[in-house]
Amino acid sequence: MNVQTLTGAWHFRQVGTEEWLAATVPGGVHTDLLALGRIPDPFVGDNEKHVQWVAEADWEYRYQFAAEADVLQQLRVWLVCDGLDTLAAVTLNGRFLGQTNNMFRQYRWEVKELLQAEANELVIAFASPVQFITEKQAQRPLPGVSQAIPGGSHLRKAPCQFGWDWGPQLPPIGVWKEIRLEGGGDARLADVHLQQHHADGQVNVSAALSVERWTDEALTARLRVVAPDGEENVGETAVSPTASATVNLPIANPQLWWPNGYGEQPLYQVIVSLHQGDVELDQRVYQLGLRTLKLRQDADEWGRSFEFMVNGVPIFAKGSNWIPADSFPTRISDDYLEMLIRGAAETHQNMLRVWGGGFFEEDRFYDLCDRYGILIWQDFIFSCSVYPLNDPDFLENVRIEVSENVRRLRHRTSLALWCGNNEMEWGWVDWGWKHQSDLDELKIAYDRFFHHTLPEWCAAADPDTAYWPSSPSSDTPFENPNGQQQGDAHYWDVWHGRKPFTAYRSQYPRFMSEFGFQALPPLATIRTYAEEADWNMTSYIMERHQKNDSGNSLMVGQMLDTFRLPKDFSSLVYLSMALQAEGIRYGVEHWRRHRDRVAGTLYWQLNDCWPVASWSSLDYFGRWKALHYAARRFYAPVMLSIEDAPPRQGVYVTSDLRETWEGNLRWSLETLAGEVLAAGEEPVQAAPLAATHIQTYNLKEYVTDDNRRNLVFIAELWQGDRHVTTQTAFFAPTKHLRLIAPAIQATCCHEDGVLYIELAAHSLARLVELSLDGVDVVFSDNYFDLPVGRTMTITCPLPAGWQLSQAEAALRIRSVYDSFAN
């Protein structure tokens with residue numbers, strides 16, 4: 001197969017205008033206009049509303065090119081568009097090729113007869129998605145998301161691009177993926193289905209090929225597998241007269257792939273090729289990890305489990321929900337994408353849910369998840385809306401979309417689950433849709449599609465991956481989708497319902513696939529969209545960058561339940577992040593203490609698509625919020641936690657290790673100034689893949705109403721002379737603690753490009769935040785408690801070109817005390 005890319009420098013114009021402007025493909029109208037200075041940055045201030053006209057207009061793109069000789073001489077040549085967003089009419093050299101209406105599909109046209117050696121012109125005319133959905137919505141109103149441009153479910157385009165409760169209304173338009181010419185000979189690979197078969201420690205890899213052919217000559221299919229150490233195995237077979245072939249290959253000394261934290265991630269390279277004699281006609285290359293993966297749902301004392309098993313080992317899914325990493329996805333660089341995935345892995349996450357309001361991610365995303373050991377819960381792209389699933393044309397469009405994407409992703413080592421949609425079954429049960437009689441037919445269509453049609457399509461194309469109808473779901477249509485007995489749950493009562501963080505402890509879902517709490521992004525990020533004059537939670541600009549109704553009020557309300565009133569805006573930003581981290585920690589620790597009942601937690605959400613107040617732990621620029629640091633602690637393979645019920649403090653160790661962990665627990669009851677009232681030490685034998693209750697300490701003889709505001713319970717986990725982790729618990733809300741200036745001392749040194757910061761406090765420092773002024777770094781720990789009498793050494797990279805004196809001058813340290821004290 002000979003390929004000529006058609007990406008690069010194009011031209012575009014608004015329909016009805018004469019001037020052709022410079023454009024970049026892949027790209028889009030917004031990013032092209034921005035590069036030319038024709039629109040302001042939509043992410044700054046309230047510019048989002050000033051660029052709404054862009055998506056309301058029609059546009060056309062033009063590319064003029066010469067056809068490369070080695071492509072043009074092939075027997076057949078196709079124009080292949082991996083992603084057109086969304087309503088496009090494609091013309092080559094004046095000949096209309098076809099129209100598109102689905103950004104998730106690949107479109108392919110045979111164009112050999114239309115091509116010429118020079119002066120080819122490809123024109124793609126894009127119609128406004130906003131005009132389209134507005135007209136459709138006027139004809140047939142469909143319930144959707146209140147923060148979005150109405151009618152998005154009429155069009156197969158990423159739902160969140162029309163707006164969400166964390167994202168702007170900036171639907172892109174353009175060529176958003178690779179576009180190319182493919183030239184080939186007498187046959188091509190139409191489909192490859194890779195499977196792995198495990199039995200008695202042996203692994204076979206098979207490749208089932210479907211071939212599109214225009215010759216009766218003999219064809220051969222070849223399968224080559226290259227092990228991580230470079231050892232190769234090759235097998236081949238003849239392609240049958242029915243244009244199919246299956247090649248099987250045993251793998252010598254198979255190396256198993258494991259999720260992050262459970263083992264290594266060895267990857268094999270798999271090359272599938274099609275040959276006519278000595279000539280290679282087509283080839284596809286894959287990476288493959290050898291593993292078994294199943295969703296175990298067994299009856300138990302609480303109902304039915306919901307537990308992922310990898311290589312026969314039960315995995316506690318530790319992770320978060322993934323949204324598109326930019327409102328304009330063509331701006332996502334390889335380095336940026338890897339930074340986000342690596343950030344998940346560095347916090348011990350082993351699962352991401354690719355949420356159904358975005359899009360099927362590009363191959364590079366799944367490549368990274370394979371490499372970093374991140375399992376993928378993959379939603380189909382339906383979310384929080386009613387869709388016209390009773391429309392035959394719409395359904396056929398979706399059928400092709402599903403077929404293409406399942407076949408593209410089914411071999412992925414990281415793929416753990418296909419899920420029908422996000423929150424739509426919940427919508428039919430609890431959001432009032434069922435009370436609208438004009439939607440009755442669409443409820444029937446929903447039931448037929450997500451409980452019958454879609455699982456049948458998935459089973460036919462990918463029988464090896466489990467299917468789940470909706471998230472959340474009990475797997476019993478329209479019954480108790482957020483139940484605690486079986487299936488997965490979304491719990492939003494703490495955020496939308498304004499319940500306290502302690503409400504998390506009332507929940508025992510079999511799998512918690514969504515829950516969350518908002519925070520502001522770091523101040524450095526706020527600076528990118530708000531002038532200092534707007535640094536107020538109720539200012540116009542701050543509320544333009546808060547897409548959830550009353551979101552800022554919800555944050556402040558919960559904040560004042562926990563902390564004192566912050567003295568300034570910078571302190572408010574810090575407390576909002578600390579509050580988010582504390583709340584999510586409270587929930588995760590509880591659910592991990594009940595690992596026998598709860599099999600996973602995916603907090604909402606990992607990342608952002610623009611700079612905004614949201615539920616993310618990594619902001620739009622990849623900056624670590626307090627929650628991300630907390631995740632590194634509450635998702636640790638060996639997690640120490642305290643179930644506080646003053647005056648009782650219960651200590652637990654939860655282990656994801658596959659062998660018993662042994663160490664010691666040192667505990668103490670102290671005043672905030674460090675006076676020890678009681679202390680002890682316990683041996684710890686933490687059972688593998690389980691939560692172990694070490695001891696519950698009843699401290700009622702030491703705790704009184706007079707001193708409770710001045711006490712802290714400290715638990716430390718040690719293994720020999722190595723300190724593993726520390727946890728603290730209190731006997732009064734943080735806002736009522738008798739905190740005084742902790743007088744934190746910091747001693748810095750550096751070695752081999754690493755900055756070491758040794759910290760000690762004269763009084764307990766609550767939720768200590770470290771930063772280096774003017775530069776972004778990731779610390780080994782942050783937003784932690786620092787009791788008296790302990791030293792803590794924190795590391796970070798020494799910024800390039802910096803001297804130690806610069807780091808010392810730039811180091812900023814604050815704690816809760818500093819948020820209210822002048």
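The values are calculated or read from the model by the stated rules, or taken from the named source; none is laboratory data. Owing to the predicted nature of the structure, the values given are computational and were not obtained by experimental measurement. In this analysis, Cβ positions are derived from the backbone assuming ideal geometry, glycine residues included, and neighbour counts consider all displayed protein chains. Note: areas computed on protein heavy atoms with side chains; ligands, DNA, RNA excluded. Shrake-Rupley method; radii C 1.70, N 1.55, O 1.52, S 1.80 Å.
Within the range 1-22, the set of residues being without any contact (Cβ under 8 Å) to a residue 40 or more places away in the chain, touching a strand residue (DSSP E or B) at 6+ places or on another chain (Cβ under 8 Å) and either open to solvent by less than 70 Å² (accessible area, probe 1.4 Å) or among the aromatic types (Phe, Trp, Tyr) (or both) comprises Gly8, Leu21, Ala22. Tallying residues that are open to solvent by 50 Å² or more (accessible area, probe 1.4 Å), in contact with a strand residue (DSSP E or B) (Cβ under 8 Å, 6 or more places away or on another chain) and part of a loop (DSSP other than H, G, I, E, B) within the range 203-227 yields 3. Is it true that some residue in the range 361-377 is surrounded by fewer than 19 Cβ atoms within 10 Å (Cβ to Cβ), at pLDDT 95 or above and on the phi > 0 side of the Ramachandran plot? So far as the range 361-377 goes, no, none of its residues is surrounded by fewer than 19 Cβ atoms within 10 Å (Cβ to Cβ), at pLDDT 95 or above and on the phi > 0 side of the Ramachandran plot. Here Asp391 meets the list (1) in contact (Cβ under 8 Å) with a residue 40 or more places away in the chain; (2) more than 28 Å from Phe316 (Cβ to Cβ); (3) open to solvent by 10 Å² or more (accessible area, probe 1.4 Å) almost entirely, failing just condition (1). Residues in the range 459-502 that are touching a residue at least 60 places away in the same chain (Cβ under 8 Å), in contact with a strand residue (DSSP E or B) (Cβ under 6 Å, 6 or more places away or on another chain) and more than 30 Å from Leu209 (Cβ to Cβ) were compared, and the one that is most open to solvent (accessible area, probe 1.4 Å) is Gln485.
Would you check if there is a residue in the range 191-202 being in contact with a strand residue (DSSP E or B) (Cβ under 9 Å, 6 or more places away or on another chain), in a loop (DSSP other than H, G, I, E, B), at pLDDT 95 or above and under 30 Å from Ser153 (Cβ atoms)? No, that holds for no residue. How about the range 616-635: which of its residues are part of a loop (DSSP other than H, G, I, E, B) and at negative phi? Selection gives Ser616, Ser617, Asp619, Tyr620, Phe621, Arg623, Lys625, Tyr635. Give the residues of the range 281-312 that are without any contact (Cβ under 8 Å) to a residue 40 or more places away in the chain and outside any strand (DSSP E or B), sorted by residue number. Selection gives Asp298, Glu301, Gly312. Just to be sure, is Arg510 in a helix (DSSP H, G or I), within 30 Å of Trp468 (Cβ to Cβ) and either touching a residue at least 60 places away in the same chain (Cβ under 8 Å) or small (Gly, Ala, Ser) (or both)? It is false that Arg510 is in a helix (DSSP H, G or I), within 30 Å of Trp468 (Cβ to Cβ) and either touching a residue at least 60 places away in the same chain (Cβ under 8 Å) or small (Gly, Ala, Ser) (or both). Within the range 255-280, the set of residues being in contact with a Ser or Thr (Cβ under 7 Å, 6 or more places away or on another chain) and in contact (Cβ under 8 Å) with a residue 12 or more places away in the chain comprises Trp257, His275. Looking across the range 471-506, the residues that are of a type in the set (Val, Ile, Thr) and more than 21 Å from Asn421 (Cβ to Cβ) come down to Val494, Thr502.
Tallying residues that are under 29 Å from Ile376 (Cα atoms), open to solvent by less than 80 Å² (accessible area, probe 1.4 Å) and either touching a residue at least 24 places away in the same chain (Cβ under 8 Å) or aliphatic (A, V, I, L, M) (or both) within the range 228-249 yields 4. When the range 113-125 is filtered for residues that are crowded, with 16+ Cβ neighbours inside 10 Å and outside any loop (DSSP other than H, G, I, E, B), the ones remaining, listed by number, are Leu114, Asn120, Leu122, Val123, Ile124, Ala125.
The criterion of at least 2 residues that are among the aliphatic types (A, V, I, L, M) and open to solvent by less than 50 Å² (accessible area, probe 1.4 Å) is met, among strands (runs of 3 or more DSSP E) falling completely within the range 707-822, by 711-719, 722-730, 754-760, 765-772, 792-797. Of all residues in the range 551-564, exactly one satisfies the criterion of being open to solvent by less than 30 Å² (accessible area, probe 1.4 Å), among the polar types (S, T, N, Q) and either closer than 19 Å to Ala732 by Cα or modelled with pLDDT under 95 (or both), namely Gln558.
A quick yes/no check of all residues on (1) closer than 30 Å to Gly487 by Cα; (2) open to solvent by 50 Å² or more (accessible area, probe 1.4 Å); (3) in a helix (DSSP H, G or I); (4) modelled with pLDDT of 95 or more:
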residue: Thr528; (1), (2), (3), (4): no, yes, no, yes
residue: Pro566; (1), (2), (3), (4): no, no, no, yes
residue: Ser571; (1), (2), (3), (4): no, no, yes, yes
residue: Met577; (1), (2), (3), (4): no, no, yes, yes
residue: Gln580; (1), (2), (3), (4): yes, no, yes, yes
residue: Val588; (1), (2), (3), (4): yes, no, yes, yes
residue: Trp591; (1), (2), (3), (4): yes, no, yes, yes
residue: Val598; (1), (2), (3), (4): yes, no, no, yes
residue: Thr601; (1), (2), (3), (4): yes, no, no, yes
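Among Glu425, Glu456, Glu441, Glu396, which is acidic (Asp, Glu), more than 28 Å from Arg371 (Cα to Cα), modelled with pLDDT of 95 or more and surrounded by 17 or more Cβ atoms within 10 Å (Cβ to Cβ)?
Answer to the selection: Glu425.
Counting only residues that are farther than 14 Å from Arg592 by Cβ, touching a helix residue (DSSP H, G or I) at 6+ places or on another chain (Cβ under 8 Å) and either of a type in the set (Val, Ile, Thr) or part of a strand (DSSP E or B) (or both), the range 650-706 holds 1 of them. The selection criterion, being part of a strand (DSSP E or B), on the phi < 0 side of the Ramachandran plot, open to solvent by less than 40 Å² (accessible area, probe 1.4 Å) and of a type in the set (Gly, Ala, Ser), holds for Ala88.
Against the condition open to solvent by less than 30 Å² (accessible area, probe 1.4 Å), within 20 Å of Phe365 (Cβ to Cβ) and touching a Phe, Trp or Tyr at 6+ places or on another chain (Cβ under 6 Å), how does Leu293 come out, does it pass?
It is false that Leu293 is open to solvent by less than 30 Å² (accessible area, probe 1.4 Å), within 20 Å of Phe365 (Cβ to Cβ) and touching a Phe, Trp or Tyr at 6+ places or on another chain (Cβ under 6 Å).
Tell me, yes or no, whether the range 652-665 has at least one residue that is open to solvent by less than 10 Å² (accessible area, probe 1.4 Å), of a type in the set (S, T, N, Q) and over 29 Å from Ala345 (Cβ atoms). Scanning the range 652-665 turns up no residue that is open to solvent by less than 10 Å² (accessible area, probe 1.4 Å), of a type in the set (S, T, N, Q) and over 29 Å from Ala345 (Cβ atoms). Is it the case that some residue within the range 29-48 is part of a helix (DSSP H, G or I) and open to solvent by 60 Å² or more (accessible area, probe 1.4 Å)? For the range 29-48, residues part of a helix (DSSP H, G or I) and open to solvent by 60 Å² or more (accessible area, probe 1.4 Å): present. Is there a residue in the range 614-621 that is open to solvent by 10 Å² or more (accessible area, probe 1.4 Å) and touching a Leu at 6+ places or on another chain (Cβ under 9 Å)? Checking the range 614-621: not a single residue is open to solvent by 10 Å² or more (accessible area, probe 1.4 Å) and touching a Leu at 6+ places or on another chain (Cβ under 9 Å).
A Cβ distance below 8 Å, combined with a sequence gap of six or more or placement on separate chains, defines the contacts here; from the range 802-818, residues that are within 24 Å of Ala578 (Cα to Cα) reach residues that are open to solvent by 80 Å² or more (accessible area, probe 1.4 Å) and hydrophobic (A, V, I, L, M, F, W, C) in the pairs Tyr817/Ile740. Looking only at residues of the range 92-105 that are crowded, with 18+ Cβ neighbours inside 10 Å and of a type outside the set (Phe, Trp, Tyr), we find that the one that is nearest to Pro329 (Cα to Cα) is Met103.
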